[in-house]
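Colleague: Below are the structure tokens for one structure; questions will follow.
Since every read-out is calculated from the coordinates, none of them should be taken as a lab result. None of these values were measured; they are calculated from a predicted model. Here the Cβ is made from the backbone with ideal geometry for all residues, glycine too, and neighbour counts use every protein chain on show.
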Amino acid sequence: MADAGRKTADGEAARARPLPAWFHRLPAPAQRTYLKSDAIDRYQLTPGVSAFSAIAALMRALDGGAPSIVERAAQAVVIELCRLLGVSPVRLEVRNVRPHNARGELHGIFYPRGPARVPASIPGKLAARTGEPLIILWMRTAQRHDVVKPKTFLRTLFHELGHYLDYSLLRLGDSYHTMGFYKRESFLVRMLAPSDSTPRALKRLELKPQ
């Protein structure tokens with residue numbers, strides 16, 4: 001289980017940084033939410049073998065390139081991390097080619113209150129209910145339709161999960177792209193993304209076929 005996260009001393013570091021211009025147009029309650037988010041830089045999270053095993057399965061699923069298999073694997077990662085953090089798991093959908101416009105490609109999106117859909121009958125998939133939170137991720141690039149790099153997909157997953165945790169774990173009432181938000185995202189990447197610093201036992205687990 002976990003508490004809301006570690007805060008920097010009285011938010012002094014957050015207040016010392018320049019704030020975006022639009023911050024000053026926010027109503028006072030929203031400004032307080034922003035500053036609270038900015039002052040939290042990590043989660044109280046100790047991942048174990050189950051978390052690393054789920055992430056290793058996701059990496060393998062991305063190699064295969066099948067959206068339904070990637071979706072099941074990504075959902076398993078979310079379920080395990082939410083279990084470790086003591087919150088209800090959020091439903092997740094993986095779609096194929098990223099939508100794009102002149103501004104770029106959409107990697108992922110989080111809906112705090114839907115939209116709800118009746119999902120296909122996939123074993124292990126969370127059932128949809130009207131107005132429930134939903135994460136949507138896209139797994140192929142818009143131009144070449146290549147499967148995105150596994151670590152890029154994983155970072156996008158952590159980014160959208162971070163928005164969900166702002167509501168469900170930190171109880172912020174809204175989710176802003178604060179410096180604290182990005183630090184929490186990077187914390188998950190450092191803790192969980194496969195890298196040269198991954199313990200040897202967990203590396204063997206990642207490479208073990210299932």
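Colleague: Going by average Cβ density within 10 Å per residue, which order do the peptides 100-113, 67-80 take, highest to lowest?
Modeller: 67-80, 100-113
Colleague: Within 15 Å, Cβ to Cβ, of residue 97, how many net charges do the neighbouring residues add up to if Lys/Arg are +1 and Asp/Glu are -1?
Modeller: 0
Colleague: A further question follows. Per-residue HN-Hα couplings for the stretch 94-99, Karplus 6.51 cos²θ - 1.76 cosθ + 1.60 at θ = phi - 60°, whole Hz, x for Gly and Pro?
Modeller: Result, rounded to whole Hz: 10, 10, 7, 8, 4, x.
Colleague: Using the Karplus curve 6.51 cos²θ - 1.76 cosθ + 1.60 with θ = phi - 60°, work out ³J(HN,Hα) for each residue of the stretch 61-70 in order, rounded to whole Hz, and write x for Gly and Pro.
Modeller: Couplings: 4, 5, 4, x, x, 9, x, 5, 6, 4 Hz.
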